[in-house]
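Please treat every number below as a calculation from the coordinates, not as lab data. What you see is a predicted model; the values in this text were computed from it and never measured. Every residue, glycine among them, receives a Cβ derived from its backbone with ideal geometry; neighbour counts consider all protein chains shown.
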Amino acid sequence: MTGDTGQFRRVGILGGMGVEATIALMQRVSAATAAEDDQDHVPMFVDMNPQVPSRIRHIIAKDGPDPGPVLAQMAARLENAGAQALAMPCNTAHLYAPAITQAVGIPLLHMPALACAQAASGLMRGDTVGILASPATNATGLFGDLLAKDGIKAAFPEDETDILASIRRIKKQGPTSADIALLEQEAAKLAQSGARCVIVGCSEFSLVSKQLRAAVPIIDTLDVLTDAIIAFSGVQAKSDI
């Protein structure tokens with residue numbers, strides 16, 4: 001199974017949003033790859049840039065600079081380095097996807113779009129999907145618009161104050177049992193209101209997604225992106241064995 005790394009396509013990661021989420025994505029890609037040696041893994045270029053302007057400040061507080069130009073510069077650097085596709089482990093940053101794709105000639109593996117497509121594939125028109133994500137993505141309709149293309153409704157926590165506080169807390173000190181309890185509580189409310197599944201649409205929440213218990217299936221956007229990176233690269237996934 002060991003082969004020449006040249007046979008695999010290279011993926012550029014727009015990272016640092018946040019740092020732990022970027023590391024988690026790389027770990028998941030590695031863990032999901034059926035590798036017998038180093039040469040069997042996905043070749044990745046990673047631009048770890050925690051200094052990308054705050055998406056929340058720009059979108060919600062409206063007192064911060066536009067992250068779009070910085071993301072476009074990162075994308076161009078990754079393409080120039082040899083990346084053949086881009087991936088970004090931050091759902092909110094996909095609000096700036098047009099700035100990224102306009103700056104390069106390679107595709108962006110669009111994490112929210114891929115997750116919404118996966119959720120919709122098992123549902124019928126008119127069904128509802130719950131979203132646990134940054135209020136910024138919810139306020140701008142990112143997940144809602146993507147799901148609506150397949151006739152699926154999006155539902156969000158009624159009060160997102162605690163959700164935003166949890167995101168900020170995880171960025172500062174890492175996830176705690178309180179964050180897990182909050183997400184399980186909100187997932188339960190979404191399920192009770194009719195959600196057929198719940199999308200974990202914030203990569204900070206992806207850090208605890210494996211620990212969440214819910215009455216409906218949970219789709220983690222970071223897992224969906226992991227699968228897309230492996231499929232694009234051409235390495236062998238463990239499930240393929």
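Points to keep in mind about this one:
- Using alpha-carbon coordinates, inclination of helix 161-173 to the longest axis of the chain, degrees: 40
- Angle in degrees between helix 177-192 and the longest Cα principal axis of the chain, rounded to the nearest 10: 70
- Degrees separating the helix 19-31 axis from the principal Cα axis of the chain, which is the longest one: 60
- Burial order of peptide ranges 118-128, 52-62 (average beta-carbon count within 10 Å, highest first): 52-62, 118-128
- Expressed in Å, the radius of gyration and Dmax of the Cα atoms of the chain are 17.5, 52.
- One Cα centroid belongs to segment 197-234, the other to segment 46-72; the line between them spans 23 Å.
- If the Kirkwood radius is taken over C-alpha pairs of segment 52-179, then at 37 °C and 0.692 mPa s the Stokes-Einstein diffusion coefficient equals 205 µm²/s.
- What the phi angles of segment 104-113 give under the Karplus curve with 6.51, -1.76 and 1.60, with θ = phi - 60°, is a coupling list of 9, x, 10, x, 9, 6, 6, 4, x, 5 Hz, glycine and proline written as x.
- Relative contact order of the chain, pairs being alpha-carbon contacts under 8 Å that are 6 or more residues apart, as %: 24
- Taking trypsin sites (Lys or Arg not before Pro) across segment 155-241, the ones in a DSSP loop with at most 14 further Cβ atoms lying within 10 angstrom of their Cβ are Arg213.
- Nearest-0.05 FRET efficiency for Thr140 and Asn80, computed from C-beta distance (R0 45 Å): 0.90
- Over segment 1-127, the pair-distance histogram of Cα-Cα distances with 5 Å bins from zero comes to 2, 10, 17, 20, 18, 14, 10, 5, 2, 1, 0 percent, rounded to whole numbers.
- Inter-label distance for Ala165 and Ala231, nm, one decimal - labels placed 7 Å from Cα along Cα-to-Cβ: 3.9
- Of all lysines in the structure, those lying under 29 Å Cα to Cα from Lys189, and not within fewer than 8 positions of it along the same chain, are Lys149, Lys153, Lys171, Lys172, Lys210.
- Segment 112-221, Cα convex hull volume normalised per residue, Å³: 84
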